[in-house]
Amino acid sequence: MGERDPSSYRSDPAEPRPEQRPRRVLCVDDNDANRYVRMQILGAAGLDVLGCATGRDALALAAKEQPSLLVLDIRLPDLNGFEVCSRLKSDPKTKHIPVLHVSATGEFDSDLPEALAHDSDGYLREPIEPATLVATVRALIHTAEDRDRWRRSEARYRRFLEQAYEGVWVVDGTGRTEYVNARMAEMLKCPQADQLIGRSAFDFVPTGDSNLLKAQFASRLAGDARERYEVRLRCFDGSVLWASVSGSNVFDHEGAAVGRMALFTDITDRKRDEEVLRESQQRLELALEAAELGTFELDLVSRTVTASQRTCAMFGFDRAPATPEDWIARIHPEDRERVASELQTSIAGPARFDTANRVLRQNGSMVWVVARAVPVMDTTGRAVRLVGVAQDVTSQRQDEQVRERERGLLRAIIDNIPVMLCLYDPRLNTFELNQECQRVLGWSTQEANAGDFLAKVYPDPSYKRGAIEYMQSLAPGWRDMNATAKNGERVASEWANIRLADDRMIGIGIDTRERMAARDELLRAVQLHEQQFRMFDGVASTTPDFVYLFDRQGRFLYANRRLLEVWGMELRDVIGKTCRELGYEQWHHDMHMREIAQVIETKTPIKGEVPFKAPLTGIFGVYEYIFSPVLGPDGEVETIAGTTRDVTDRKRVEESLRSANEQLTRVNHDLEQFAYSASHDLQEPLRNVSAYSQLLHRRYAGTLGDDGEMFLGYIVDGAQRMGQLLSDLLAYTRAGSEDDAPVALTDCEAVLERVVAGLDQTVQHTRAVITHSRLPSLCIHPGHMQQVFQNLIGNALKYRKEGEAPRVHVRAEAQNGAWQFSITDNGIGIAPEYHERIFGMFKRLHSDTEKYSGTGMGLAICQRIIERYGGRVWVESDVAAGSTFRFTFPIARTSDATTGPLSTASGSR
Ligand code: ADP
């Protein structure tokens, strides 16, 4: 089976059913006698018999009458029996009719094979026994009828199989395909069922399932298991076929299992639906998991609750408790009543249930839960179940609280920040002003949104256009704007724009009026400062000295131009640098750092002198410097001001002066020695001249004649005058000698009184009046003081005016660190051009020795004594105006260190 076209088995409804036809036999023989005999025999056996003599008649009759059998002679006049058989069997209308060949007696044994080759069904050779003929004919007819019945039955089954909705697959014991119906081929996407014949069924099993199925196949074959199972098959086009299989074994005639036959039902769609369902179920679970949602179901009929693991965990249950009351009990007491009432409302509605509440777990922890459910109604519209989801929103809730706090904080900042904020849409239709903006501009948010706000703030149309352009742009940076406040005041301000995520914009403005004023103020201060600096720098740079400032760390803050020239630098290169950094040697730097530290500590200036080679010029010089503290407002040293003077030349001069001085002192000393010994030694012979000329005069007076008397008189006078000169000269040299240095205080008043007493005769003679104020006691040799008074008061009396009694006043006062004495007379005075000269040795203004005796040494001696004590002497006088001789003694040199300076109180006597 299976090797024939299934269509060939299809029953033709027009075909008469053989069972209902009379069993008719057609006897064909050209020998009338033979034909007659056979017809008689067969007719007698109850068969309907026809007869004809030629092959062509036989074919025509067979087609027409449809006999159950042909008894066909081989030797016929037109067509032989074989030919007739062949034609009969090749005609569909007659092919089922069995043919019994008969041949003449003994002649044609070779006919048998040929007859069989021409599909004849039987062969008999004369002589034929009537019973044999009848039996053979009957057997052949029955066989044909059986065959026909079987053929029809098979065709029915085949038709049934082919039309079956299920696939049918028959395989042999090795799994080789023996039959598949069209449905099976269709299920396997095979265009032709024939293509499957001979192929192993396991070729269609996916590799992974193959071994298992082979094993199952073997065991089913052995055990004749009638089972239903599901398999997966790989179709011709590669797609997968899911089939439900119902199989059983196929047995041979001996009852041995030789293969299996199975019915295949395509369940691919069901499987796919199942897969889709499974996937969507899985997706739902994943979605719930991802959303951290728990599920729950409240059965209102049974009053039970089922809930997912997550929902249970939210409420702190290990697994879902049965009653709604258990769940309600976990809701926070403050929320419980509300939630219960919401639940009732939802059930009664029936309406959606949507609530948020706190859950208080057994362990005391608390979470926020949001639950949403929908009611499921029965046919009467009554809610029988609530199905919903629950979500733990604690963290969102906390986030929300944080956000709420942040929003509050932001609001507080916005309202309190001293910065103008104006929130506006890019089309400039709505404005929201913060409090500062409202305060500065004077407009409320409400006012800003009523009418053309920008026209109020920027009344000038072109300015307004510019402002709008700027507000809509996102130009970076700040921009100066002049807004007009509600009260008309112009508000200078700076603005910047930013765009928010929702496309709105914020203008950030700062009222710059105060800042501008402060800036102007600052600018003025800076200008003043700069001016002061220029002045200071100008002043500091007029001096040839170096002027500079250090900070407390010894870094330069300033250097005057003179110093910068020497360094060959600009001020900016110097500021912040130390001496070391400017090229000074380490020792020099260290020395100044120590001195700066000392100035800072002692707050007193420090002086120094430093010989060194200038770093830039390499010129050696000697520099004298002073570091002085500059105190800050806190009384501490803020900076250290320094001045340095190049004293190289002065030092050189001083040095030469010193050596010249030494030389001079030496020469002076020699001269003094000479003058002293000359005046001293000359006195001796002079005294002889004087003594002997006086002796001559006494002894020979009257004998020398007038001329002699006169000459002798000259000699005596000359000798006396010379003696006077010598004694004055001696006094002069003594005045400079160091021998009689004072050891104790000398009371100047006592000395003056002694001098006045010594002049008593002259005083009386001239009726002079000598007065004095209070005089100090000084560390001066009394002889020296006496000499000075003697000479000056003597002169005051001597150079008196004619006819006027001399008035002399002596006073002393302390001023400028010295005692200044003055001796004033009302004498003849001295012309100013002689004021210097009169202090020279032997310098006299009056040569008339008769009237004004003298040697011209008095003032010279005074000067020598006074200068010896570090003082000086001068005269203030004019002709006929009287004279005041003044001289000073430095207090430092003439005061007793133990008693200090004397009182300066003055009085007249
Ligand atoms: P002498 O008095 O011996 O000439 P001095 O040295 O004392 O020398 O004085 C120098 C001169 O100064 C005097 O010759 C006199 O001309 C003048 N002289 C000094 N004292 C006075 C005085 N008090 N008034 C006017 N002239 C004076």
> Restricting the search to the range 449-499, which residues are under 20 Å from I510 (Cβ atoms) and in a loop (DSSP other than H, G, I, E, B)?
Replying inline: Y458, S473, L474, A475, P476, G477, W478, A485, K486, N487, E489
>> Cβ-Cβ distance below 6 Å, separation of 6 or more or different chains: which pairs start in the range 852-865 with a residue that is closer than 10 Å to N791 by Cβ and end on one that is near the ligand (Cβ under 7 Å from one of its atoms) and in a helix (DSSP H, G or I)?
In response: G858/N791; L859/I838; C862/N791
> free of Cβ contacts under 8 Å to residues at least 12 places away in the same chain, under 25 Å from T512 (Cα atoms) and either crowded, with 17+ Cβ neighbours inside 10 Å or within 32 Å of the chain's Cα centre (by Cα) (or both) - does that describe any residue in the range 425-445?
Replying inline: yes
> So M841 fits all but one of (1) among the hydrophobic types (A, V, I, L, M, F, W, C); (2) more than 9 Å from the ligand (Cβ to nearest atom); (3) modelled with pLDDT under 95; (4) within 23 Å of S727 (Cβ to Cβ); what number is the exception?
Replying inline: (2)
> Within the range 542-564, can you find the residues that are of a type in the set (S, T, Y) and in contact (Cβ under 8 Å) with a residue 12 or more places away in the chain?
Replying inline: T543, Y548, Y558
> Say we look at the range 812-832 and pick out the residues that are within 13 Å of the ligand (Cβ to nearest atom) and either under 60 Å from the mean Cα position of the chain (by Cα) or part of a strand (DSSP E or B) (or both); which of these is surrounded by the fewest Cβ atoms within 10 Å (Cβ to Cβ)?
Replying inline: S822
> For the range 570-609, what are the residues that are modelled with pLDDT under 90 and not in a helix (DSSP H, G or I)?
Replying inline: G583, Y584, E585
> Taking the range 658-715 on its own, how many of its residues are outside any helix (DSSP H, G or I), surrounded by 12 or more Cβ atoms within 10 Å (Cβ to Cβ) and small (G, A, S)?
Replying inline: 0
> With respect to the numbered conditions (1) within 28 Å of G46 (Cα to Cα); (2) touching a Ser or Thr at 6+ places or on another chain (Cβ under 8 Å); (3) modelled with pLDDT of 90 or more, which one is the sole condition not fulfilled by R125?
Replying inline: (3)
> If we scan the range 769-783, do we find a residue that is without any contact (Cβ under 8 Å) to a residue 60 or more places away in the chain and within 16 Å of the ligand (Cβ to nearest atom)?
Replying inline: yes
> Would the range 526-541 turn up any residue that is free of Cβ contacts under 8 Å to residues at least 12 places away in the same chain and in a loop (DSSP other than H, G, I, E, B)?
Replying inline: no
> What residue, of D335, D326, D354, is surrounded by 13 or more Cβ atoms within 10 Å (Cβ to Cβ), in a helix (DSSP H, G or I) and within 48 Å of the chain's Cα centre (by Cα)?
Replying inline: D335
> Mind checking which residues of the range 592-647 are among the β-branched types (V, I, T), more than 17 Å from C579 (Cβ to Cβ) and under 45 Å from the mean Cα position of the chain (by Cα)?
Replying inline: V630, V637
> In the range 744-760, is there at least one residue being more than 16 Å from the ligand (Cβ to nearest atom) and within 30 Å of R666 (Cα to Cα)?
Replying inline: yes
> Taking the range 859-880 as the region of interest, how many residues are hydroxyl-bearing (S, T, Y) and near the ligand (Cβ under 10 Å from one of its atoms)?
Replying inline: 1
> Here are S883, S903, S908, S847: which of them is modelled with pLDDT under 90 and either buried (at least 17 other Cβ atoms within 10 Å of the Cβ) or near the ligand (Cβ under 9 Å from one of its atoms) (or both)?
Replying inline: S847
> Would you pick out the residues in the range 386-398 that are more than 16 Å from E289 (Cα to Cα) and surrounded by 17 or more Cβ atoms within 10 Å (Cβ to Cβ)?
Replying inline: L386
> Which residues, taken from the range 791-811, are hydrophobic (A, V, I, L, M, F, W, C) and buried (at least 21 other Cβ atoms within 10 Å of the Cβ)?
Replying inline: L792, I793, A796, V808, V810
> Among the candidates G223, G167, which residue alone is surrounded by 13 or more Cβ atoms within 10 Å (Cβ to Cβ) and in contact with a strand residue (DSSP E or B) (Cβ under 9 Å, 6 or more places away or on another chain)?
Replying inline: G167
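The values are calculated or read from the model by the stated rules, or taken from the named source; none is laboratory data. This structure is a prediction, so every number in the text was calculated from the model and none was measured. Note: ideal-geometry Cβ built from the backbone for every residue, glycine included; neighbour counts use all protein chains shown.
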